[in-house]
Amino acid sequence: MIKRIHSEQLKSGMYIHDLNCGWLGHPFMFNAFKVDDEKDIQKIIADGIRELYIDTSRGLDVDGAKTQEEVHAELHQQMTEVVKGHGSLHVAHVAFRDEVDAASIAKKEANDLIHFIMDDVRLGMQMEVERVTPVVENITDSIFRNQDALLVLTHIKQKDDYTFQHSVSVCALMVAFCRSLGYERAVILEAGIGGLLHDVGKMKIPEHILNKPGDLTPEEYEVMQTHPAIGRDLLSQTSGVPNIATLVAAQHHERFDGTGYPGKLKGDEISQFGQLASIVDVYDALTSNRVYHKGMEPAMAMKKLFEWSRFHFDGVLVQHFIRAIGIYPVGTLVRLESGFLGVVVKPGEMDLLHPVVRVVFDTERDSPVIPRDVNLAKLDGYGGGDRIIGYEPTDKWRIDPYQYLGVL
């Protein structure tokens, strides 16, 4: 049985099923292992891992600890309360299908540019910052017209191009997040620039560490942890880089409880833009497929962010992020109470728990169906009264949601 415990409850003889810190990385060679050494326990606690999951079938148990199923049910209920009565924060001015082409162009321009800039940084050349602003302006324009088009496209990544495409995704997410918080456009643009450039410090990390197709050793992990400070120094020494952008690069790995890096800043010691960047950086990292890591479903990543917000993030900001992006973001495969599976195609304007869903599969007949859109906010009529039970893994059903969104 899988249970969640506090790290202080760890004892030798327990089997760690999941260190529960995918957002941070960790100095251990494995994410699951038998605890045999008291030093490992102290290292786990020292590295800020507050809660983790143990497998009681492979090691010692903890009486009274909640099972993984109980934890997930509790988190789901709490997240439901967070979004209940809250609709989409921004009504789209352009239909999703009409924005996809422009969003695709904006994404490609940003991806090409960040390749160019990071290559310059790797070679020790000066960054051409003047090229960044117009590209981030195009991303901002697309987000303002219909944020879901670009945010869906940023989920489609090539596994061997993660560092660059992650930068584009963080840029788009920062723009969407800051917009939802009501920042002025000029501030949103500067935060977006920070998102695009937040990982430039990685270009000074040795390539065998940066591109290692597996877990880092403790020594390699320490080297990787230097990249935010390197990025901060690079941007602060480059003319024309906004201060907000430098804060994003410097603080996107800081954590609210002081367990982050490089400065171990705590609470309000972290700028709000650093706090926003830490949330979106983790969300995109969790949902991205990489050579050695399969990404989570977006809805599951939201649940993990919510779980970790008790310690590592500002809980209020995480709740706002969930409302800004959706408890079931566009592109999520969901199971309906009727037994059908559907792809979320539009957030609910009055309530995020009742989006527009494109029904694509009948689980009772184990068969695809002719796609049809159902507005779950309707109380009656065709599809009316149906509701979401939860999200479904796309691999389990061999359904590619992006195919039904028309972005492939």
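Every read-out reported here was derived from the displayed coordinates using simple, explicitly stated rules and does not represent laboratory data. On a predicted model such as this, the values are computed, not experimentally measured, just so you know. Reconstructed Cβ throughout: ideal geometry from the backbone, glycine too, with neighbour counts over all protein chains shown.
Within the same chain, aspartates and glutamates fewer than 8 places from residue 304 are excluded, and of the rest, those with a Cα less than 17 Å from its Cα are 18, 51, 69, 70, 74, 81, 257, 281, 284, 314, 392. On full extension, the segment bounded by residue 105 and residue 70 gains 8.2 nm, given 0.36 nm per residue less the C-alpha separation. Summary of the geometry: region 296-359 and region 139-183, compared by the centres of their Cα atoms, lie 16 Å apart. Computed about its Cα centre, the charge dipole of region 49-196 is approximately 160 debye, with only Lys, Arg, Asp and Glu carrying charge at their Cβ. In summary, the lysines within cross-link reach of residue 378, defined as a Cα separation below 22 angstrom excluding same-chain residues under 8 places away, comprise 84, 346.
Electrostatic bookkeeping for residue 41 treats Lys and Arg as +1 and Asp and Glu as -1; over the other residues with beta carbon under 15 Å from its beta carbon, the sum is -2.
The reciprocal of the average 1/r between distinct C-alpha atoms defines the Kirkwood hydrodynamic radius, which for region 96-294 equals 16.7 Å. Each peptide in 63-72, 86-95, 2-11, 137-146 receives the mean, over its residues, of other Cβ atoms within 10 Å, and ordering these scores from highest gives 137-146, 2-11, 86-95, 63-72. Placing +1 on the Cβ of every Lys and Arg and -1 on the Cβ of every Asp and Glu, with nothing else charged, gives region 2-64 a dipole about its Cα centre of roughly 80 debye. Build a GNM of the chain with springs between Cα atoms under 10 Å: which of 19, 379, 317 gets the top mean-square fluctuation? Result: 379 has the largest fluctuation of those listed. What is the sum of charges, Lys and Arg at +1 and Asp and Glu at -1, for the other residues whose Cβ falls under 13 Å from the Cβ of residue 185? Cβ neighbours under 13 Å give a net charge of -3.
In terms of its C-alpha gyration tensor, region 183-273 has an oblate overall shape, because the principal axis ratio a/c (a ≥ b ≥ c, square roots of the eigenvalues) is not below 1.5 and a/b does not outweigh b/c. Each Lys or Arg adds one and each Asp or Glu subtracts one; over the other residues with Cβ under 15 Å from the Cβ of residue 142, this totals -1. Along the charge dipole of the chain, which of 272, 326, 223 sits closest to the positive end, that is, farthest toward it, with unit charges on the beta carbon of Lys, Arg, Asp and Glu (+1, +1, -1, -1)? With unit charges placed on the Cβ atoms, the residue in question is 326. Between residue 15 and residue 217, the FRET efficiency estimated from the beta carbon spacing at R0 = 25 angstrom works out to 0.65. When the Gaussian network model of the chain links Cα atoms closer than 10 Å, the mean-square fluctuations of 98, 199, 386 top out at 98. Overall form of the chain: oblate. Here a/c, set by the Cα gyration tensor axes a ≥ b ≥ c, is 1.5 or more, and a/b is not larger than b/c. The simple spin-label model puts a point 7 Å past each Cα toward its Cβ; for residue 126 and residue 141 those points are separated by 2.8 nm.
The distance between label points at residue 40 and residue 161 comes to 4.0 nm (points 7 Å beyond Cα on the Cα→Cβ vector). Karplus-based coupling profile of region 268-278, in residue order and whole Hz: 6, 5, 8, 4, 4, 5, x, 5, 4, 5, 5, with θ = phi - 60° in 6.51 cos²θ - 1.76 cosθ + 1.60 and x standing for Gly or Pro. Sorting 312, 208 by the number of Cβ atoms found within 10 Å of their own Cβ, with the fewest placed first, yields 208, 312.
Annotation: lysines with alpha-carbon distance below 17 angstrom to residue 108 (same-chain offsets under eight excluded): 157, 159. Using R0 = 56 Å, the C-beta based FRET efficiency linking residue 291 and residue 379 works out to 0.75. The loop-placed GluC sites (Glu not before Pro) in region 298-396, going by DSSP, that have at most 12 neighbouring Cβ atoms within 10 Å of their Cβ come out as 337, 364. Checking the a/c ratio against 1.5 first, then a/b against b/c, what shape does the Cα gyration tensor give for region 112-155? Oblate, because a/c is 1.5 or more while a/b does not exceed b/c. Taking amide H atoms as placed 1.01 Å from N in the peptide plane, the amide H of residue 369 lies under 5 Å from those of 361, 362, each 5 or more residues away in sequence or on another chain.
When +1 charges are put on Lys and Arg Cβ atoms and -1 charges on Asp and Glu Cβ atoms, the dipole computed for the chain relative to its Cα centre reaches about 320 debye.
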